[in-house]
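**Student:** Have a look at this one before I ask anything.
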Amino acid sequence: MSHYPGPLLTRPAAQALSAAREAGAITWTGSLDLGRSQADAALHRDTWQWRDQHYPYPARLKDRTIYYWDGEGFDTVSRFSGSLIKLVPTEWGAPTFEIDGIKMLPTSKESPVDDARRKVALIEPRGKLVLDTCGGLGYFAACCLEAGVANIRSFEKNEDVLWLRTLNPWSPDPDAPASGGRLSLTHGDVSEAIAQLASGSVDALLHDPPRFGIAGELYSQAFYDQLARVLRRGGRLFHYTGSPNKLTSGRDVPNEVAKRLEKAGFKAQLVLDGVLASRR
């Protein structure tokens, strides 16, 4: 699936376009790709023009929502296929996404890309073959490419999340020249696909699964045994767990994860909001 080349609107951007027209301006300068770049839009009475195409001024837009041009009008970047999956703007530019209203990436203190960059640095990806088990919006992959990874293989089970990636300018495109052929993205369930990977075939691992209640198989001893099998000795793994509230959940997920990883053959420690482990 190729990446969407058109404009992305949020309520503040749409309001700024309309305000500039009402003020008599003939151009507006701002971002139409969620902060990736700045561009000029030509303002006319009934339409505005960007990259040689005219668009209507949108009606009132919702907050916390991103809109794309579907050929007939501006529609929300969201889908409902059993769960509501939605791309959500942040103050940092790079968006997060939600599944049934649950935010999938931390964004309260920094950009989700900066958060991913700190975690990726823990596995030192330069020159390595990296397995990215749950690709999501691809921020781990983007940071690995930025850091000089030799090759990163990503899996993503949810087809709607893959669709979000094609609309998100912050998500890396495997086919783009900037990726240099170093990123492969597979639509598949890594808990099943990992059995087909050769033992010791990857140098480092990134594991950012959905929460335990949604994808318990990705926290299982059997899956951790497979992670240990495909990772070379001395290779590093970062496993995102978040910081679940032990008082309300009754569980200490990070320490449970660390114990299972130790049993699988890792040396594990709690780092940031997850577990950093190395293959013994």
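The values are calculated or read from the model by the stated rules, or taken from the named source; none is laboratory data. These numbers come from a predicted model, not from an experiment. All Cβ positions, even for glycine, are placed from backbone atoms using ideal geometry, and neighbour counts span all protein chains on display. Note: accessible area is taken over every heavy atom of the protein model, side chains too, but ligands, DNA and RNA are not part of it. Shrake-Rupley method; radii C 1.70, N 1.55, O 1.52, S 1.80 Å.
**Student:** Please go through segment 75-163 and write out the trypsin sites (Lys or Arg not before Pro) that DSSP classes as loop and that have at most 13 other C-beta atoms within 10 Å. Don't jump to the answer; show the numbers that get you there.
**Tutor:** Values: sites: 79, 86, 103, 109, 117, 118, 119, 126, 128, 153, 157; in loops: 109, 128, 157.
Filter output for segment 75-163: 109.
**Student:** In whole Hz, with x marking every Gly and Pro, tabulate ³J(HN,Hα) for segment 39-54 from phi via Karplus 6.51 cos²θ - 1.76 cosθ + 1.60, θ = phi - 60°.
**Tutor:** Working through the residues one at a time gives 8, 9, 10, 7, 9, 10, 5, 10, 9, 10, 10, 8, 6, 6, 10, 9 Hz.
**Student:** Need one word for segment 168-216: rounded, prolate or oblate. Basis is the Cα gyration tensor (sqrt eigenvalues a ≥ b ≥ c); a/c below 1.5 gives rounded, then a/b vs b/c decides. Don't jump to the answer; show the numbers that get you there.
**Tutor:** On the way: a/c = 2.28, a/b = 1.31, b/c = 1.73.
Oblate, because a/c is 1.5 or more while a/b does not exceed b/c.
**Student:** Can I ask one more? Fully extended, how many nm does the chain gain between residue 273 and residue 124 (0.36 nm per residue separation, minus their Cα-Cα distance)? The partial results should precede the final answer.
**Tutor:** Numbers: separation 149, 0.36 × 149 = 53.64 nm, distance 1.76 nm.
Result: 51.9 nm gained on full extension.
**Student:** I've got another one for you. Within the chain, how many Lys pairs that are eight or more residues apart, or on different chains, come under 22 Å at the alpha-carbon?
**Tutor:** Close lysine pairs under the 22 Å cut-off: 17.
**Student:** Can you work out ³J(HN,Hα) from phi for every residue in segment 232-237, in order, using Karplus 6.51 cos²θ - 1.76 cosθ + 1.60 and θ = phi - 60°, giving whole Hz and x for Gly and Pro?
**Tutor:** Karplus-based 3J(HN,Hα) across segment 232-237 equals 5, 4, x, x, 9, 10 Hz.
**Student:** Which residue, 174, 210, 12, tops the fluctuation ranking in a GNM of the chain built on C-alpha contacts under 10 Å?
**Tutor:** Among 174, 210, 12, the largest GNM mean-square fluctuation belongs to 12.
**Student:** So, one more: Below 8 Å, C-alpha to C-alpha, sequence gap of six or more: please give me the relative contact order for segment 137-217 in percent. Before the final figure, lay out each step's value.
**Tutor:** Numbers: 73 pairs, mean separation 26.3, N = 81.
Answer for segment 137-217 is 32 percent.
**Student:** For segment 6-122, what's the radius of gyration and Dmax over Cα atoms, in angstrom?
**Tutor:** In Å, with Rg to one decimal and Dmax whole: 15.8, 52.
**Student:** Amide H neighbours of residue 186 under 5 Å, at least 5 residues apart or on other chains, H built in the peptide plane: list them.
**Tutor:** 154, 155, 156
**Student:** Does segment 100-229 classify as rounded, prolate or oblate by the C-alpha gyration tensor (a ≥ b ≥ c root eigenvalues; a/c under 1.5 gives rounded; else a/b over b/c gives prolate, otherwise oblate)?
**Tutor:** rounded
**Student:** Also, quick follow-up: Lys and Arg at +1, Asp and Glu at -1: add these up for the other residues within a Cβ distance under 9 Å of residue 191 and post the number.
**Tutor:** Details: positive: 157; negative: 189, 192, 217.
Its environment carries a net charge of -2.
**Student:** Still on this model: What order, most packed first, do the peptides 267-276, 38-47 have when packing is the mean number of other Cβ atoms within 10 Å of each residue? Write down the numbers at each step before the final one.
**Tutor:** Working: 267-276: 17.0, 38-47: 13.1.
Final packing ranking: 267-276, 38-47.
**Student:** What does the accessible area per residue of the chain come to in Å², with a 1.4 Å probe and no ligands, DNA or RNA counted? Provide the component values of the computation, followed by the final result.
**Tutor:** Details: 13510 Å² over 280 residues.
Heavy-atom accessible area per residue stands at 48 Å².
**Student:** In whole Hz, with x marking every Gly and Pro, tabulate ³J(HN,Hα) for segment 172-183 from phi via Karplus 6.51 cos²θ - 1.76 cosθ + 1.60, θ = phi - 60°.
**Tutor:** Karplus-based 3J(HN,Hα) across segment 172-183 equals x, 9, x, 8, 6, x, 4, 7, x, x, 8, 10 Hz.
**Student:** Here's a follow-up. Local charge sum around residue 155 (other residues, Cβ-Cβ under 12 Å, Lys/Arg +1, Asp/Glu -1)?
**Tutor:** Working: positive: 153, 157; negative: 132, 156, 189, 192, 208.
Surrounding charge for residue 155 is -3.
**Student:** If you don't mind, there's one more thing I want to ask. Once every DSSP H run of n ≥ 4 in the chain is given -39500 (n - 2.57) and the sum is divided by its residues, what mean residue ellipticity at 222 nm do you get, rounded to the nearest 500 deg cm²/dmol?
**Tutor:** Working: 8 runs with 69 residues, N = 280.
Value at 222 nm, helices only, nearest 500: -7000 deg cm²/dmol.
**Student:** Once you have a ≥ b ≥ c as the square roots of the Cα gyration tensor eigenvalues for the chain, tell me rounded if a/c is under 1.5, and otherwise prolate or oblate according to whether a/b is larger than b/c.
**Tutor:** On the way: a/c = 2.47, a/b = 1.99, b/c = 1.24.
Here the chain falls in the prolate category.
**Student:** For the chain, give the share of DSSP beta bridges that are antiparallel, in percent and rounded to the nearest 5; count only bridges with both residues there. It would help to have the intermediate numbers written out before the result.
**Tutor:** Working: 36 of 53 bridges.
Percent antiparallel among DSSP bridges in the chain is about 70.
**Student:** What does the charge count around residue 135 come to, taking other residues whose C-beta lies under 11 Å from its C-beta (Lys +1, Arg +1, Asp -1, Glu -1)?
**Tutor:** For residues surrounding residue 135, the net value is 0.
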